[in-house]
Amino acid sequence: MRNTIRLKGKLRRYLMASLYLGFLLIAINLVIYLLNVTSGLLLTGFIIFYFAVLLSLLIYNRQFILNELVTFAAQYGQIQKTLLYELDLPYAILDSTGRIIWTNRVFEKITNKGRGYKKSVTTIFPQITPDKLPNESDEAEIKITFEEKIYKANFKKIPIQELTENSDLIEDSDLEGYLIAMYLFDTTALSIALQEVDDQSLAVGMIYLDNYDEALESVEEVRRSLLIALIDRKVNKYISSLDGISRKLEKDKYMIILRKKAVEELKEHKFDILEDVKTVNIGNDMAVTISIGIGLNGLSYAQTNEFARNAIDLALGRGGDQAVIKTADNITYYGGKSQQVERNTRVKARVKAHALREIITSKDRVLIMGHRLADVDSFGAAIGIYRIATTLERKAHIVINEVTTSVQPLIALFDNNPEYEDDMIVNSQQALELAGSNSVLVVVDVNKPSITECPDLLRYCKSIVVLDHHRQGTEVIENATLSYVEVYASSSCEMVSEVLQYIGDNIKIRNEEADCLYSGIMIDTSNFMTKTGVRTFEAAAFLRRSGADVTRVRKLFRENAIEYKAKADAVSQAEIYRNSYAISTCTSEDIQSPTIVGAQAANELLDIKGIKASFILTDYQNCIYVSARSIDEVNVQVIMERMGGGGHMNVAGCQMEGISLSEGIGAVKRMLDKMIEEGELK
């Protein structure tokens, strides 16, 4: 091997310097010949003697020099190896696949593996998988735990070719591949210290009593102060047990200060205070429920407080009786198993109606938009807003791209009707062209931007009004000029009907419009069987007085034979999962709006004794639509939210792309199993 080693660099130039000087003497000798031949001959003899001695020395000493170089390199490498082996930092050399080649003493000590251990590093540290090793990049870093200690593992690629490229003594070799140097830094103490600091960080919370006035009204007047005192004691005692502080801001509002570690305890116990407060009973007919909003990890105390306010708004917007934790990049929900209590007063509806009137009269044009694949409630509410806009002498347009079979009978009432403009209904492209700085966008029956009829319209219109009865989720329409979201309302049509009564004295509703609004209430309440309250019937009575006809409405929604058969097939083929959950599929062949039929089938399945919730999956337009329904035992909204959807406690849904019907059924079953294991479902 030594015979193939060639010198290079400064050492080679140093050894060859005498030879180069010899060549210079030859050149000088030629010049001397021109001056004096005798002197030239004398110098020629010297040059011959010089080269003879020089070449003999080079030939004789070459092997000796190479031997000394190799010996020195070996000794130098041994010193480096000894230093690395005795280094206090755990160190190992891996090949490109992660197999251990060499380890030092400390690495062997902490892993209890001898020097002959040549297996993959994954066998010692399961967290270090091949994809975590540096591949395209030259370095990598991951955090691992091993035997109750926390380490930061640093990896650095060392190309084998660099072993010769960086040498001043040995020529480059055409070698490929690389080794990986791995260092382990013990960060246990630092991690514990950082965790302690994080656990002690500030968490701000808000606790609101959802039904304060209603609960007080349900108990005798002389005992009301006792009920308030018991609630205060329950809240203060619970927060004190977590080493927190609670202060009452108003009669039904508390502010709490906690450590972040205490919030983790609340999570572990799934905010059992939500159920604990309901046990306060001194004869009140209505159980008290609370909503909790907590802000965490803000960059400042002010931002953390703002997170808490956003969280409590979300909790109330979703119906109350739940807790919401908000951080800068995440929102988590807990509870939400009770029905929202219907407000007896309609003061809020009157205030919102006056605000809506002010907004519309300040604009020239009104654009009205519901959710994608509009249903009867969405279209009925849009018609109600259309009537408000036209009464206030403003140009109005309803945005609909695809007409479903459910709303087709209603739209037919306005087609070729001389009382209505030809551009009453427009598509998304037309709406974007009509939108301007002096337009207001009214969004009905939806508060999730991504599923609106035209999401781009939200960016084009600066003034936005939202009227909806669905529980709010993580994704909401931001910067709305007016937001009226009441989850206790049976339908958006009910809310719009109330607004119509306060918008002005001169408003006149035509029969077609009254039929549309009445239809929305009727469909969303399953013929007044679900989610109906006093205000629902009051809204229906107002619409009946305005010209709505029950017989006309019933005729509008008679089903054709194909849709009726599809619904019957979905019900007959339902699988009863875990003796409580009905799961089935609905065909989309020869049906214009199969998702509507699927939703109707889900409602039908609830009539089976013992069924807590029903799920109908429909394959439509390369997407799986899930319609989930329940009566009162299961919150299907929570289930659908975990699957990327949302809705109400009793009416919810989601969409799944890129999977088949059978895979969708499997996903629903896995989610039910998971939530049952976690105690979310029974």
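Per-residue answers, yes or no, for (1) of a type in the set (Gly, Ala, Ser); (2) over 20 Å from Gly380 (Cβ atoms); (3) part of a strand (DSSP E or B); (4) in contact with a helix residue (DSSP H, G or I) (Cβ under 9 Å, 6 or more places away or on another chain):
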site	(1), (2), (3), (4)
Val446	no, no, no, yes
Ser450	yes, yes, no, no
Cys454	no, no, no, yes
Gly473	yes, yes, no, yes
Tyr484	no, no, yes, yes
Tyr488	no, no, no, yes
Val496	no, no, no, yes
Gln501	no, no, no, yes
Given the options Val626, Val668, name the one that is out of contact with any Gly (no Cβ under 7 Å at 6 or more places or on another chain) and at pLDDT 90 or above.
Val668
Of the residues Leu316, Leu296, only one is among the hydrophobic types (A, V, I, L, M, F, W, C) and modelled with pLDDT of 90 or more; which?
Leu296
Answer from Ala599, Ala667 - the residue that is under 28 Å from Val476 (Cα atoms) and free of Cβ contacts under 8 Å to residues at least 40 places away in the same chain
Ala667
Of the residues Ile596, Ile676, Ile639, Ile611, only one is over 21 Å from Asp468 (Cα atoms) and surrounded by 15 or more Cβ atoms within 10 Å (Cβ to Cβ); which?
Ile611
Please work out which residue is nearest to the chain's Cα centre (by Cα), limiting yourself to segment 378-417 and to residues that are farther than 18 Å from Ser593 by Cβ and among the aromatic types (Phe, Trp, Tyr).
Tyr386
Matching residues in segment 333-381 (outside any loop (DSSP other than H, G, I, E, B) and modelled with pLDDT of 85 or more) number 25
For segment 271-296, pairs from a residue that is in a helix (DSSP H, G or I) to a residue that is surrounded by 15 or more Cβ atoms within 10 Å (Cβ to Cβ) and among the acidic types (Asp, Glu), with Cβ under 8 Å and 6 or more apart or across chains, are Leu274/Asp321
For Ile312, work out the one condition from (1) in a helix (DSSP H, G or I); (2) in contact with a helix residue (DSSP H, G or I) (Cβ under 8 Å, 6 or more places away or on another chain) it doesn't fulfil.
(2)
Could you say whether any residue in segment 277-288 is under 23 Å from the mean Cα position of the chain (by Cα) and surrounded by 15 or more Cβ atoms within 10 Å (Cβ to Cβ)?
no
Index of the failed condition, Ala652 passing every other in (1) surrounded by 18 or more Cβ atoms within 10 Å (Cβ to Cβ); (2) of a type in the set (Gly, Ala, Ser); (3) farther than 20 Å from His371 by Cβ:
(3)
Out of Ile464, Ile507, which single residue is closer than 18 Å to Ala389 by Cβ, outside any helix (DSSP H, G or I) and at pLDDT below 90?
Ile507
Conditions: (1) at pLDDT below 90; (2) within 27 Å of the chain's Cα centre (by Cα); (3) closer than 21 Å to Glu513 by Cα; (4) of a type in the set (Val, Ile, Thr). Ile477 meets all but one. Number of the miss?
(3)
Of the residues that sit in segment 405-444 and are assigned to a helix (DSSP H, G or I) and not polar (S, T, N, Q), which one is surrounded by the most Cβ atoms within 10 Å (Cβ to Cβ)?
Ala431
For the subset of segment 113-145 comprising residues that are in contact (Cβ under 8 Å) with a residue 40 or more places away in the chain and assigned to a loop (DSSP other than H, G, I, E, B), which member is surrounded by the most Cβ atoms within 10 Å (Cβ to Cβ)?
Leu133
Evaluate segment 85-102: report whether one residue or more is modelled with pLDDT of 85 or more and out of contact with any Leu (no Cβ under 9 Å at 6 or more places or on another chain).
yes
From the list Ile583, Ile596, exactly one residue is at pLDDT 95 or above and not basic (Lys, Arg). Which is it?
Ile583
Step by step: first the residues of segment 382-399, then only those that are of a type in the set (Val, Ile, Thr) and part of a strand (DSSP E or B), then the one that is farthest from Glu421 (Cα to Cα). Which residue is that?
Val399
Identify, from the list Gln75, Gln80, Gln63, the residue that is closer than 30 Å to Ser120 by Cβ and either within 60 Å of the chain's Cα centre (by Cα) or at pLDDT below 80 (or both).
Gln80
With Glu559, Glu589 as the choices, which residue is farther than 28 Å from Val496 by Cβ and among the charged types (D, E, K, R)?
Glu589
Residue within segment 561-572 that is of a type outside the set (Val, Ile, Thr) and more than 27 Å from Glu604 (Cα to Cα) present
no
Filtered residues of segment 607-650 (kept if under 15 Å from Arg670 (Cα atoms) and free of Cβ contacts under 8 Å to residues at least 24 places away in the same chain):
Val636, Met640, Gly644
If you go through segment 390-404 one residue at a time, do you hit one that is surrounded by 24 or more Cβ atoms within 10 Å (Cβ to Cβ), closer than 18 Å to Val485 by Cβ and touching a strand residue (DSSP E or B) at 6+ places or on another chain (Cβ under 6 Å)?
no
For segment 545-561, which positions are surrounded by 14 or more Cβ atoms within 10 Å (Cβ to Cβ) and part of a helix (DSSP H, G or I)?
Arg552, Val553, Leu556
Mind checking whether some residue in segment 111-119 is in contact with a Leu (Cβ under 8 Å, 6 or more places away or on another chain), over 30 Å from Arg13 (Cα atoms), at pLDDT 80 or above and of a type outside the set (S, T, N, Q)?
no
Within segment 415-431, identify whether any single residue is touching a helix residue (DSSP H, G or I) at 6+ places or on another chain (Cβ under 6 Å) and in the same structural domain as Tyr488 (by TED's automatic domain parsing), and answer yes or no.
yes
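The values are calculated or read from the model by the stated rules, or taken from the named source; none is laboratory data. All values reported here derive from a predicted model rather than from experimental measurement. Backbone-built Cβ (ideal geometry, glycine too); neighbour counts: all protein chains shown.
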